[in-house]
Every structure is written in structure tokens, then in C-alpha cells.
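Here is the structure we will look at.
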Amino acid sequence: MPRLARTVPAALLLALVLVFPAAAQRFGAQQFKLANGLEVVVIPNERVPAVAHMVWYKVGAADEPPGKSGIAHFLEHLMFKGTDSVAPGMFSKLVAQQGGRDNAFTTQDVTVYHQTIASDRLEFVMKLEADRMANLRLTDAIVKPELLVVLEERRSRIDNEPAALLNEQARTAIFLHHPYRIPTIGWEHELRGLTTEDAIAWYKRWYAPNNAILVVSGDVTVDEVRALAEKYYGPIPPKELPKRIRVQEPKRVAATRLSLASPRVAQPNWTRSYLAPSYTGGETRHAYALQVLADVLGGGATSRLYRSLVVEQQIALSTGAYYTPGSLDLTTFGVWASPKPGVAIEDLEKAVEAELRKLVSEGVGGEETTRSKTRMRAEAAYARDSLMGPANLFGAALAQGRTIEDVEKWPDRIGEVTIEEVNAAARFVIDDKTAVTAILLPEPSS
């Protein structure tokens, strides 16, 4: 498997959170903890004879020391480089030989490793994963070539993609002080300075059973998982963990506009973002209402923005809204639109702003709020049928300090959101005097 495929783009991870916001109380998830501090969640699912095995480390790019941006993601790459019992580069090959698939991803808050494999091969992947939790071996001969791979990943996914570059710049404007402003993949000049010693120090500091969550979803019982976890993860000693230091955002007092034109851009795009609370950061009481608000504004063909800009005014090709409450600290709420050919970006912007002003001044309606809540709860029911969906849900929630109950009761909590709460959330977040606007434009090649 090509190494470039290992890191899930942020947009994909955020999509997982939205597509699988939770499910009704049918997961039947059970939780226990080993003596060394490893948290374990088991989500039984007998639909297919397979399991998803995930290890979530409670550390990500936002925990990196100054000047070492990208070290969390770099270490994710290096975790596939072998131990005393697994030769460098053999981890994925061994999983594939057993008929399984493996991958990993890094976000601002977590680093995650996962495999999907037949149920009777669970012990095999658990042994492999536990081995690299404790026994990773790194040398300059292994680390230096992989750094070139990461630099190439940055060039291909960020530097050569105008939309990704603009998004990267926009985050530095949304987050004035918090480390969320620094890209997960790292700044190029800092990546070039990363060393083998940096990687080893990061591994020794954060990779420990008492800083991890094991999630197993699929055709397996709690007793089976407990026995295997005790056998393979249980002997790994815990560590004294450093405190996760996260600075707070200062009050925003001014709006920011960014614009990027490039011959690589085929379709213009306009985005407006607002700093927003999450499940666990800021004014958390708004988190559920903001999810409903995002659906009312941009949740498909019946949403406000789509009906107004695409159907009625016919000035946009597409439009939407986004909100991702699964950040440890603050997050973002935003809207976006792409103009039809011949429509000036300025005219599109005015139309979106008019819709936002109307929303804040008049509020949402009862019918559209009910429709959004019904759709969101219906979508949640499908999460139970997959292996990775539930595993992602519970892993992310526990890594964030939330509980199994929070995931199980998500549909009820969405259903309980009132119109008044949605309107209060809109007034709290939508403030164009402090928003960040990002405009992506085509530029004729010279």
C-alpha cells in the first residue's frame, strides 16, 4: 500500500463525524479498562464475520512543541517501519497476507491506527499493534528516507492544491493563537528539520497504553476481546504522561479576507468561517443546536442556501454549510458557495450574506428544523450496519473525554433541540464582523 495513502485528509475525517454522528441506542457498546490504563470499547456486530480494530492515541498535531510541526503525523508514518519482530515495511504486508486492510490517520487531537480483518484474525492484528505500541525501532537509515516521503506528501496534497493552500492560510486567520492554526502535516521548513531523535522522543512521550483507547467493532464478544487485550496489551507498562497544554483563543475583534487566484483553479469558490464551540470546548451548550443549524442552512437540496442560491436565484452551482463538533477545543462553523459561470463572486457573496442576515434576524422555522432533525436521526440509523463507522464514533468520543452514553444518546439529544436553541446558537456564532472569508479564483495561465 503506498505510504501516501496512510493519512486521511481532514475533510474525510470530518465527513465521518457528520455521516456517522451517532446511532440510536442499538450499538450495545461495552467498555472496560486494563490495569495499565488502556481503555477498551467493544461494539458487537454479527452482520459479517469481520472486525475493525482501532487504537486511538490521545495526542495529535496540536500537542507538538514549537518548531516541531508535523512530528505527530511523521511518527504515524514511522510506526509502520518495524520492531524487533516485524521487519521495516512489513506491517501492512502481513495484514494483507491475512486478508485484511490497514491504515492510519493523524488529526489535531488524535493519532489513530486501524485494521479491518476477518474475525478469526483479530488476535493476529492485535499482536502486531501491541508490538509497535511498545517496541518501535527507529534509526537514521529508516527515518531520513521517510521524511522525504512526508515532504512529497505535503507538496502533492497542499502546495500543489490551491484549495488546500487557501484552507491552510485561512486556519491561521481563524485561530489567532491556538495550535489548531498550524497544519497537521506541518510547515515545510520545520518538517525539514525533524530528526530521528525528535521522532523517538515523541514516541516515548505519548505512546503508552494509558494514553490509548482500543476499539473493536464487529463479530466478536466482550469476553473474547478482554482475553486478547489482556494477553497482548496488558503486559505493556504505563507511562507518566505529560500534560496536554492548549492555549485559549483571544477575543476576535476584526474580520479577515483572504483571496487566492491560480491557473490550477477550475471553479471559483467562496467560504465564510466562524469560530465556534465544540462538544468539549467553549460554550458547549450550543453544540447540538449548531449541528441542526448547519443542516438547516446547507444540508442538501431542501436547505436554505440551496433553495435560495441554486434553485430560486440560480446564481450558484452548489452551496452548503459545515460544522464539526468533535474537536477537543474550539472548532469552526461555516458556509460556502460556488458561483454559476458568469456570476461575479461579489454578487454571490452578497446573496449569501443576505441569507445569513435573514437567519439571524428572523430565525429558523419550525418545519425546516423538524425536517433537519428527522433527516439527521434517520441517517444515524445506518451507522449500525458498518464496522468502521461505530468504531470511529466511539473512539473519537472517548478520545475527546466524552462517554459511550454521549454517542448512544445522540439521536435523542438532536431530537430535543428546540427552535429557540437553534436561533440562540446562530446569534452566538454568526458575526460577520469577526468572520474569515476565503475566496478561491481561477487565474488564466500566462
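Values quoted throughout were computed directly from the atomic coordinates according to the rules given, and no laboratory measurement underlies them. Model, not experiment: these values are computed from the prediction. Every residue, glycine as well, gets a Cβ built from its backbone with ideal geometry; the counts of neighbours run over all protein chains shown.
Remarks
- Whole-Hz ³J(HN,Hα) from phi, Karplus 6.51 cos²θ - 1.76 cosθ + 1.60, for region 136-151, glycine and proline x: 4, 10, 10, 9, 4, 5, 8, 6, 4, x, 5, 4, 5, 5, 5, 4
- The alpha carbon gyration tensor of region 388-437 gives principal lengths a ≥ b ≥ c with a/c of 1.5 or higher and a/b no greater than b/c, which makes the shape oblate.
- Pairwise FRET efficiency - THR284 versus ASP223, Cβ, R0 = 30 Å, nearest 0.05: 0.25
- Percent of Cα-Cα distances greater than 38 Å, calculated over the chain: 25 percent
- Counting other Cβ atoms within 10 Å as a rough exposure proxy, the listed residues ARG384, ARG257 run ARG257, ARG384 from fewest neighbours to most.
- Across LYS58/LYS409; LYS33/LYS144; LYS243/LYS433; LYS144/LYS243, pairs whose alpha-carbon gap is larger than 26 Å: LYS33/LYS144; LYS243/LYS433; LYS144/LYS243
- Angle in degrees between helix 122-135 and the longest Cα principal axis of the chain, rounded to the nearest 10: 90 degrees
- For a label point 7 Å along the Cα-to-beta-carbon line of GLN314, residues of region 342-364 with backbone N under 16 Å: 342-344
- Compared with the dominant principal axis of the Cα atoms in the chain, helix 419-429 is inclined by about 90°.
- Taking each residue as 0.36 nm, the span from GLU123 to GLN169 lengthens on full extension beyond its C-alpha to C-alpha distance by 12.2 nm.
- Per-residue ³J(HN,Hα) for region 176-183, Karplus 6.51 cos²θ - 1.76 cosθ + 1.60, θ = phi - 60°, Hz, x for Gly and Pro: 6, 10, 5, x, 4, 6, 8, x
- Crossing angle, helix 162-174 versus the chain [Cα axis fit, 0-90 degrees, rounded to tens]: 80 degrees
- Reported to the nearest whole Å, the Cα centre-to-centre distance from region 103-170 to region 380-429 is 27.
- Theoretical FRET efficiency, 1/(1+(r/R0)^6), r = Cβ-Cβ of ASP412 and ASP140, R0 60 Å, to 0.05: 0.65
- Taking other C-beta atoms within 10 angstrom as a stand-in for reagent exposure, THR111, THR172 fall in the order THR172, THR111, fewest first.
- Computed over the chain, the per-residue total of -39500 (n - 2.57) for DSSP H runs of n ≥ 4 gives a 222 nm mean residue ellipticity of -11500 deg cm²/dmol, rounded to 500.
- Among 315-321, 150-156, the order from most to least packed when residues are scored by Cβ within 10 Å on average: 315-321, 150-156
- Listing HIS114, HIS53, HIS178, HIS189 from fewest to most neighbouring C-beta atoms within 10 Å gives HIS189, HIS178, HIS114, HIS53.
- Size of region 60-154 from its Cα atoms: along the principal axes, largest to smallest, the extents are 44, 29, 25 Å.
- Binned Cα-Cα distances of region 34-232, short to long, each 10 Å bin given as a whole percent: 8, 33, 33, 20, 6
- Computed from label points 7 Å out along Cα-Cβ, the spacing between GLN248 and LEU148 is 4.7 nm.
- For the chain, the Cβ-based charge dipole about the Cα centre amounts to some 340 debye (Lys, Arg positive; Asp, Glu negative; other atoms uncharged).
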